[in-house]
There are 2 protein chains.
Amino acid sequence: MDVCDVRCIDEEKVRKTQQSLPCNENISRMVDIFKALSDPTRLKIVLALLNREHCVCDIAVLCSQSDSAVSHQLRILRTMKIVKNRRQGKIMYYSINDDHVVSLIQMSLDHVAHC
Amino acid sequence: MDVCDVRCIDEEKVRKTQQSLPCNENISRMVDIFKALSDPTRLKIVLALLNREHCVCDIAVLCSQSDSAVSHQLRILRTMKIVKNRRQGKIMYYSINDDHVVSLIQMSLDHVAHC
DNA sequence: TTATCATATGATAAACTGTTCATATGTTGA
DNA sequence: TCAACATATGAACAGTTTATCATATGATAA
């Protein structure tokens, strides 16, 4: 870890910014949220569920992916509690389970929409 | 691509959700933004610059990474216009260049802070 | 209870990502 | 002009991620 040695850093600036940083655990949580949304398949899934609940099969069509690939990604989103599911007979319906993520997506949508 | 065949999909629901989806280009842009923030080093850099501008060397200290690693990540953030830089002699100062990203981060911070 | 259907899961291969190391660039002061 | 320094960059390697394939599970209807 060849971090630059003491000569060049402005210790006071660094110290102050250091204090302004969230704790590592919160940084890690933020990374996890962004990571969840940083894959096109997962983002499409969440965008689709923003509209309404859907079964795995329909989600697969909407994402142009195999049922299996979608199921894997749904498991990740489920583990993160971004989506939830309910069974109706053979069919599993998925829907959004995290309003914060909805806000994040809405904000990023606004961002890309006008630029 | 063994997408589920016509039997199981609810064509009407799928059609409507399809129409609600952003265009692929915008989805791709959203993915890029989230991807930029989904690495701990890059997120820490942006969080640090949220406080004030810093030189590469100080950023490296703040991220507990080598100057080189940080420089690589700064290039990515620069390419995405999330940060900008200005030279002062030998030293290169980096700062935030995208207010939307600031809002996204602030929102995700609020999210992780109270949960 | 058995066949079929919708979904889930484990293993694998391919692609991607991030750090490191070596080296290059550009700036300053001697 | 040269040495020293801050930063940048290219190549390579390790670790991670994602889709696929094969198979498993759980539910329904015959």
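Whole-Hz ³J(HN,Hα) for each residue in the range A:68-78, computed from phi via Karplus 6.51 cos²θ - 1.76 cosθ + 1.60 with θ = phi - 60°, x for glycine and proline: what do you get?
5, 4, 5, 4, 4, 5, 5, 4, 4, 5, 5
Using θ = phi - 60° and the Karplus curve 6.51 cos²θ - 1.76 cosθ + 1.60, what whole-Hz ³J(HN,Hα) does each residue of the range B:20-25 get, with Gly and Pro shown as x?
Per-residue couplings from phi come out as 7, 6, x, 5, 4, 5 Hz.
For the protein assembly as shown, what is the calculated [θ] at 222 nm in deg cm²/dmol (nearest 500), taking -39500 (n - 2.57) for each run of four or more DSSP H residues and dividing by its residue count?
It lands at -19000 deg cm²/dmol.
Any of B:LYS16/B:LYS81; A:LYS16/A:LYS44; B:LYS16/B:LYS84; A:LYS16/A:LYS81; A:LYS81/B:LYS44; A:LYS44/B:LYS81 with alpha carbons more than 31 Å apart? Name them for me.
Checking Cα-Cα distances, B:LYS16/B:LYS81; A:LYS16/A:LYS44; B:LYS16/B:LYS84; A:LYS16/A:LYS81 exceed 31 Å.
Enter the angle in degrees (range 0 to 90, nearest 10) between the Cα long axis of helix A:40-51 and the first principal axis of the Cα atoms of chain A, meaning the one along which they spread out most.
Between the helix axis and the principal axis of chain A, the angle is about 60 degrees.
How far is A:GLN19 from itself in the other copies, in nm, if each label sits 7 Å out from Cα along the Cα-Cβ line, shortest first?
5.6
Evaluate the relative contact order of the range A:41-115 (contact order divided by residue number), counting alpha-carbon pairs under 8 angstrom at least 6 apart; express in whole percent.
Reported relative contact order: 31 percent.
In chain B, if the dipole is taken from +1 on Lys/Arg beta carbons and -1 on Asp/Glu beta carbons about the Cα centre, which of B:VAL31, B:MET80, B:SER95 is farthest to the positive end?
Result: B:SER95.
One decimal, nm, shortest first: give the distances between the label point of B:ASP32 and those of the same position in the other copies, each label point 7 Å from Cα along Cα→Cβ.
The answer, with the shortest distance listed first, is 2.9 nm.
With springs only between Cα atoms under 10 Å, which of B:LYS44, B:LYS13, B:LYS90 fluctuates most in a Gaussian network model of chain B?
With Cα springs under 10 Å in chain B, the top fluctuation among B:LYS44, B:LYS13, B:LYS90 is at B:LYS13.
Rule-based calculations on the coordinates, nothing more; no lab input. Just so it is clear, the model here is predicted, and its values are computed rather than measured. A quick note on method: Cβ atoms are made from the backbone with ideal geometry, for glycine too, and the neighbour counts reach across all protein chains shown.
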